[in-house]
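The values are calculated or read from the model by the stated rules, or taken from the named source; none is laboratory data. Because the structure is predicted, anything quoted here is derived from the model rather than measured. Accessible surface is based on the protein model in full, side chains and every heavy atom, while ligands, DNA and RNA are left aside. Shrake-Rupley method; radii C 1.70, N 1.55, O 1.52, S 1.80 Å.
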Amino acid sequence: MKAAMQYQNKTPEEIVRQHKKRLRAKQGLLILILLLYVIVGIRGIWWGDDGIADVLLKLLILFVITYPISIWISRDFMLLNLILSQDCDPVTYVQVMRLLEKVYKRKWSIRAIHINEAAGLMWSGQFTDALALAESLCNDKVSANYQLVLLNTRFSCYKKMKDLERAMQVRQEADALISSSTKASVQKTGQKMLKAMDASLALWRGEYETFRRMEEARSAGYTAKLQKVVSAVCLADVDIACNELKNARTHLEYAIREGGTLYVVEDARRMLAELAQKERVEGTGHGDGTVEN
């Protein structure tokens, strides 16, 4: 819970400044350890105290000490995803990623930042910009997990831009990548993504009951607030189509209250206004169409 709260009510500049401070401290610790290793190693070799076995042992000790610090650095970077997944704030997320380009220098780090930026642009509703950035990164060498992020971004953009043919092509690319992977983590994440794509396509085609069944099966595993908000808006769409207006209002009010700067919040507001109009026409109450706090 503490990790999920650490970025709330902070400006992008404050978040990056805090992140940079922690990053430099860990990098300084790594440099200090490497310097100590070099000093001890040179001394051992100079005085003839160390044989091959001693050198190999010290290398192993160096790896054991520095590897967790490297993982710690990577974890700090991954925690920034909470701005999007838990705070539901893609606008801040994009600004943070752009500021981080001045902090990280390695090519693989910059690629990761750009992939995250594309996802943030998509979730903030800037589909053209998100798609252009994601497509420009397709030929870059990145991990399988980052390839999945790119595929999901491209699929979502094409779907929102009503290019179903291209969306289906991306879905096929995702299926091929997942099928060829031998990593269990990629298989697990990838299968979840494919199910989300299939559910999204079912909703797009108006297969409401199919979508509802798929979403009910998937929603039990949701942990991120972003997932819950998007699910609420989609279920509201189904509720309205099935004339279950009370459920629709509940879902839309939740999405508006918790959805932050996600583009689906604007969708929810539009749908709630249309719902209020429909309720007025049918005389079912909630005539003012306002959202309760």
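Being open to solvent by 70 Å² or more (accessible area, probe 1.4 Å), part of a helix (DSSP H, G or I) and of a type in the set (D, E, K, R) is the filter here; which residues of the stretch 189-215 pass it?
Hits for the stretch 189-215 are Lys192, Lys195, Glu209, Arg213.
Of the conditions (1) of a type in the set (S, T, N, Q); (2) under 19 Å from the mean Cα position of the chain (by Cα); (3) at pLDDT below 95, Asn293 satisfies every one except a single condition; which number is it?
(2)
With the requirement that a residue be outside any helix (DSSP H, G or I) and open to solvent by less than 20 Å² (accessible area, probe 1.4 Å), what does the stretch 66-113 give you? Quick ask: steps written out before the conclusion?
As a first pass, look at the stretch 66-113 and keep what is outside any helix (DSSP H, G or I): 80-81, 86-89, 101-106.
Within the stretch 66-113, Leu80, Cys88, Val103 qualify.
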